[in-house]
Each structure stands twice: as C-alpha cells, then as structure tokens.
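Remarks on the structure that follows.
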Amino acid sequence: MLAKEIFRKILHILAFAGLIAWLYALDDWRHSVLIAAGAIPVICPCLLLLSKIPGITEVFVARRRGEFAYSFFAYAMAYIVTSTVLWGFLGKRELVVASFFAWAPGDAAAALIGKTFGEHKIGILKKKSAEGSGAMAFFSFFAVLCVLTYFNLYSSFWTIVISLITAICTTVAELLDEKGLDTFFCPVTAMVVLSLFELILR
C-alpha cells in the first residue's frame with residue numbers, strides 16, 4: 001500500500017515540476033494561461049481514452065478509471081485561476097509558485113504519513129487522519145516559507161505570518177475535500193490568502 005502511494009506521489013511531483021517549468025516558459029501570463037486552457041480539450045480526452053486500456057489504471061495506481069484526466073483538468077484550472085489572479089492582476093508570478101508549493105509538498109507528506117501513522121481519523125467521512133493533516137500543515141508552512149524567503153517578497157515577520165496562515169487554510173481545504181479535487185482547491189485557497197496579503201502589504 002505504501003509503495004503504491006509513493007509511486008502516486010512521484011507522478012504528482014513530476015507533474016508539479018512540469019507546471020513550475022511551464023510557469024517560467026513564457027513571459028506573458030496571457031499566453032501561458034491561454035495555452036494551458038487550450039491543452040485541456042486535447043489532453044483530457046486522451047487521458048480518458050488511455051484509462052480504458054486494460055491494466056493501465058492498475059499500472060499507474062489510479063484510484064478510479066479516468067482519475068488522471070480529472071486530475072489534469074483540476075491541475076490546469078488551478079494554474080489558470082492562480083496565474084490570472086497572482087501573475088496577471090497582481091504582477092507576482094512568484095506567488096503562483098508559492099500557491100502550488102503550499103499544496104504539493106504538504107499533500108505528499110499528508111498521504112505518506114497519514115497512510116503509515118494515521119490512527120486518529122478526522123474529516124467529514126473519517127477517511128483522513130490528524131497525523132496526515134499535521135504533516136500537511138508543517139510541510140506546507142515550510143515550503144511557503146522557503147518560497148517567500150527565496151524571492152524576498154516581505155519582511156521576516158510577515159513571511160512567517162503569511163506562511164503560517166496559508167498553511168493552515170490550505171490544510172483545512174485539503175481536509176474538507178472528499179472528492180479528490182484538492183489539486184484545485186488547495187492552490188486556489190492558498191492564492192486567496194496570498195493575494196489578500198499582497199493587497200494589504202503592497
């Protein structure tokens with residue numbers, strides 16, 4: 001079970017790395033967003049067709065048939081929304097990076113630690129664990145802290161405060177999601193927090 005979860009998270013990390021690379025592939029946010037939007041009607045049907053091949057779902061450890069098509073759609077939509085708001089309207093491409101870092105490392109930690117050590121079940125359907133959510137909050141906080149520090153966007157005090165609040169809100173979003181759409185809701189939740197602080201502190 002743990003080996004399968006590790007494989008799933010490796011796939012997620014590869015997708016995450018590709019997204020960050022795409023974020024810096026173009027200089028105009030409008031071109032970046034439009035191409036991402038155009039990729040949805042092309043890639044999603046291909047992934048759906050691929051999922052119908054016998055054994056593919058099992059090989060790639062998908063929880064249900066068509067999962068990767070739905071995940072790509074959610075991922076692309078999260079990119080479109082966060083890039084439009086943070087990069088397009090606020091002019092802070094760095095905050096798009098922060099919004100996805102608020103989700104990806106924490107999500108991986110939540111799954112691995114929750115599967116291994118999760119004994120205290122929480123959430124609406126009691127499928128998640130306090131241990132997993134704690135890991136999510138910690139790694140989300142640390143990841144956002146590193147991104148904001150690297151880009152030197154705010155003072156040390158505000159960097160810590162923003163990282164902490166972003167991590168808490170992102171963890172709550174992941175905990176409340178029971179349909180596997182945290183790929184969308186977590187980065188967008190982080191975007192809301194980050195954009196509010198950017199507007200306040202700019």
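Taking 0.36 nm per residue of separation and subtracting the Cα-Cα distance, what length does fully extending I10 through L26 add? Let's see the in-between values first.
Numbers: separation 16, 0.36 × 16 = 5.76 nm, distance 2.56 nm.
3.2 nm is the gain from fully extending I10 to L26.
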Checklist entry - How high is the relative contact order of the chain, in percent, with contacts defined as C-alpha pairs under 8 Å that are six or more residues apart? => result 21
Checklist entry - Which value results when the Cα radius of gyration for the stretch 2-201 is divided by 2.2 N^0.38 Å? => result 1.02
Item to check | Interchain or long-range residues, amide H under 5 Å from K128's placed H | outcome: I122
Checklist entry - Between C146 and I35, what is the label-to-label distance in nm when each label sits 7 Å out along the Cα-to-Cβ direction? => result 2.7
Checklist outcome for this item: One finds the C-alpha centres of the stretch 14-40 and the stretch 75-146 to be spaced, in Å, by 19
Checklist entry - Say the dipole of the stretch 2-201 comes from +1 at the beta carbon of Lys and Arg and -1 at that of Asp and Glu; which of L48, V188, G91 then lies farthest toward its positive end? => result L48
Checklist entry - Among 95-103, 184-192, 45-53, how do they line up from the highest to the lowest mean number of other beta-carbon atoms within 10 Å? => result 95-103, 184-192, 45-53
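By how many nm would the segment from L181 to I160 lengthen if fully extended, with 0.36 nm per residue of separation less the alpha-carbon distance?
Separation in residues times 0.36 nm, less the Cα-Cα distance, equals 4.8 nm.
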Checklist entry - Along the charge dipole of the stretch 2-201, which of V161, M77, F100 sits closest to the positive end, that is, farthest toward it, with unit charges on the beta carbon of Lys, Arg, Asp and Glu (+1, +1, -1, -1)? => result M77
Checklist entry - In nm, to one decimal, how far is the V172 label point from the L48 one, both placed 7 Å along Cα→Cβ? => result 3.5
Checklist entry - Charges only on Cβ, +1 for Lys and Arg, -1 for Asp and Glu: so what's the dipole of the chain about the Cα centre, in debye to the nearest 20? => result 440
Item to check | Residues whose placed amide H lies under 5 Å from that of K92, excluding near-sequence neighbours | outcome: W87
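Coordinate-derived values only; no laboratory data. In this text the structure is predicted, and so the values were computed from the model without any measurement. Heads up, the Cβs are rebuilt from the backbone with ideal geometry, glycines too, and the neighbour counts pull from every protein chain shown.
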